[in-house]
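Since the structure comes first, as structure tokens, the remarks are kept for the end.
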Amino acid sequence: MAATKSLSIRVDDEVKRQSDAVLSTLGLSTSSVVNMLLRTIARNHAIPAELFTTKPIDTREERNRAYLEKLDRGFEAYRRGLCIRHDLIEVEDDDVEEEHAASSLESGRVG
């Protein structure tokens, strides 16, 4: 095993408390994360760009939440009568198939 060095750093109490809480839910310690960071810097000869982002990294959960909020706003606008109602236009299946075939021929696509 390689020899190890001890590292002492100063961190704001609140930042340490919050980061420890997050890391513990991930099953990680501050020491292991600092080790991962230092190894990444040594391997890539650069600091990970994600450390410099000012916008939080978008997660699937955040995108889903934003989409559901947008839907809720749309439903609320509909309930308040702020939407324009359109009648359904019915089209025969044969018409759709003919239109698709014609547009495919025009664009050179087959299918």
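Shown in residue order for the range 76-93 are the 3J(HN,Hα) couplings computed by the Karplus curve 6.51 cos²θ - 1.76 cosθ + 1.60 at θ = phi - 60°: 5, 4, 5, 4, 7, x, 8, 9, 8, 8, 10, 7, 6, 9, 8, 10, 5, 4 Hz (x for Gly and Pro).
Which FRET efficiency, nearest 0.05, do Thr59 and Asp13 yield, Cβ-Cβ r, R0 22 Å?
On the way: r = 28 Å, r/R0 = 1.25.
Computed FRET efficiency for Thr59 and Asp13: 0.20.
No value in this document is a laboratory result; all are computed from the given coordinates. Just so it is clear, the structure is predicted and the values come from calculations on it, not from any experiment. FYI the Cβ positions are ideal-geometry reconstructions off the backbone, even for glycines, and counts take in every protein chain you see.
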